[in-house]
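Here the structure is laid out as structure tokens; the discussion comes afterwards.
The values are calculated or read from the model by the stated rules, or taken from the named source; none is laboratory data. Because the structure is a prediction, the values reported are computed rather than measured. Note that we place each Cβ from the backbone using ideal geometry, even for glycine, and neighbour counts take in every protein chain shown. When the accessible area is computed, the model is the full protein with side chains, heavy atoms only, and any ligands, DNA or RNA have been set aside. Shrake-Rupley method; radii C 1.70, N 1.55, O 1.52, S 1.80 Å.
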Amino acid sequence: MDYQGYFAKRLNDLHDEGRYRVFADLQRRRGAFPKAYHNKQGTRQDVTIWCSNDYLGMGQHPEVIAAMQDTIERCGAGAGGTRNISGTTHDHVLLENELADLHNKEAALLFTSGYVSNWATLGTLASEIPGCIVYSDAMNHASMIEGIRHSRATKVIWKHNDLEDLEAKLAQSAPEAPKIIAFESVYSMDGDIAPIARICDLADRYNAMTYLDEVHAVGLYGSRGGGIAEQEGLMDRLTVIEGTLGKAFGVVGGYIASTTELCDFVRSFASGFIFTTALPPSVAAGARASVQYLKQSQTERDIQKERVKRVRNGLDRLGIRHLSNPSHIIPVMVGDPVKCKFISDTLLQDYGIYIQPINYPTVPKGTERLRITPSPVHTDADIDHLIESLGELWTECQIARTSNSREGPVAA
């Protein structure tokens, strides 16, 4: 086999389909988020980032940076090993305590990323619980899908946010069979939100555990940033709450919060936890500072909501289609992979605006989009420039406008 030729052909196919991903070489500017430098071919361009998952700009917050700098001075750079072998520092312990408190749970367990926390936890629970059946929402993240697949447990996929379909599938299983209902709160591509209370009702009725991914909600919702479950007063009804430190908290890492026994079980049996080097103590300290700050500050969340509303109103004014949802995520619909990439490239090159195109397989074909995430530190001038630029490119690309620019979530 011509291995290199095979690789080249597959990559060329991605180019032809408009789905080849190009990484923008960005340099974030401390204290100036969402401003950054774009490095390309020896030049440096000023850009404004509009697609960051650093939703509240906490990756630039002085208290987070100070905590990380202080910890490096105290502890040095790395953790020095896996959590089991010298890598559990006091900063890791303090962070896990902080996360357990955030979700009103007995314990929390820290992982190196949100992807790993989903993969390792779901993979471990579903494989180690004899006869376990996992009921997975059709729009669940790849990390959840991979964890369930890795477990080799029986998997049942239910239609996205469809409670009738979920109950019909639960009713088909043996009453005594162990079950896990796995779903997200805020879905990252459409920005819609799961009916958590009603899912918990079904879990109670059919004696199922609940596994909630709050990755795109922690820090952003609830009186202390505990996510949608906190906002709706449901944290005590969920078996496992999973979150990330790499989005609204502005650092990196993932975690679960649950009972002492469940966290200890995952700690003891999950290969994705046992056999990987622990996060640096400075990262744990920075994340803890971010969690602590957002527990008591509502300012960032309030301003972000106003920024989201202003962007949506600007899109409505120009008739640019975007999905209607109750979250902070604004999916601006293009519907063509080539046009989507062209708009993204042109925004960066000619307008100093960075928004990564979202194409298949991340979203279904025909639903290609720009995923915009306004933050509390985007200014009125930033928003005006964004809306004006999109309007010009919508005209250039001859993308249809509509008087009713807000649409419901895209069906899977």
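Tabulated results
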item	result
Criterion: touching a residue at least 40 places away in the same chain (Cβ under 8 Å) and touching a helix residue (DSSP H, G or I) at 6+ places or on another chain (Cβ under 6 Å) - qualifying residue of P326, P281	P281
Pairs with Cβ under 9 Å, 6+ apart, first in the range 360-386 and within 17 Å of I399 (Cβ to Cβ), second aromatic (F, W, Y) and open to solvent by 10 Å² or more (accessible area, probe 1.4 Å)	G366/Y360; T367/Y360; E368/Y360; L386/Y351
Filter pass, V215 being open to solvent by less than 10 Å² (accessible area, probe 1.4 Å) and modelled with pLDDT of 95 or more	no
Output for the range 43-62, where each listed residue is surrounded by fewer than 14 Cβ atoms within 10 Å (Cβ to Cβ) and either under 19 Å from the mean Cα position of the chain (by Cα) or part of a helix (DSSP H, G or I) (or both)	P62
Tally, over the range 329-360, of residues that are assigned to a strand (DSSP E or B) and hydroxyl-bearing (S, T, Y)	1
Qualifying positions in the range 361-384 - open to solvent by 10 Å² or more (accessible area, probe 1.4 Å) and either of a type in the set (G, A, S) or part of a loop (DSSP other than H, G, I, E, B) (or both)	P361, T362, P364, K365, G366, T367, P376, V377, T379, A381
Positions within the range 91-100 being in contact (Cβ under 8 Å) with a residue 24 or more places away in the chain and open to solvent by 10 Å² or more (accessible area, probe 1.4 Å), in sequence order	D91, L94, E96, E98
Cross-chain or 6+ apart pairs with Cβ under 6 Å, the range 17-33 first and touching a residue at least 40 places away in the same chain (Cβ under 8 Å), then assigned to a loop (DSSP other than H, G, I, E, B)	R19/N359; F33/G57; F33/V377
Candidates T367, T379, T346, filtered to the one that is within 15 Å of D192 (Cβ to Cβ) and either among the acidic types (D, E) or modelled with pLDDT of 90 or more (or both)	T367
Filtered residue count, the range 7-42, keeping only those that are assigned to a loop (DSSP other than H, G, I, E, B), of a type in the set (K, R) and loosely packed, with under 13 Cβ neighbours inside 10 Å	2
Some residue of the range 157-169 being open to solvent by less than 10 Å² (accessible area, probe 1.4 Å) and of a type in the set (D, E)	no
The listed residue being modelled with pLDDT of 95 or more and within 15 Å of R369 (Cβ to Cβ), out of V266, V283, V311	V311
Cβ-Cβ under 7 Å pairs, at least 6 apart or on other chains, the range 197-223 side closer than 25 Å to L110 by Cα, far side small (G, A, S) and part of a strand (DSSP E or B)	Y211/A182; E214/G243; V215/G243; V218/G243
Segments classed as helices (runs of 4 or more DSSP H), wholly inside the range 105-198, with at least 2 members that are among the polar types (S, T, N, Q) and at pLDDT 95 or above	114-128, 142-151
The range 240-265: number of residues that are among the β-branched types (V, I, T) and either open to solvent by 40 Å² or more (accessible area, probe 1.4 Å) or over 22 Å from the mean Cα position of the chain (by Cα) (or both)	3
Residue list for the range 104-149, restricted to those being over 21 Å from the mean Cα position of the chain (by Cα), surrounded by fewer than 21 Cβ atoms within 10 Å (Cβ to Cβ) and farther than 13 Å from V266 by Cα	N104, E106, P130, G131, C132
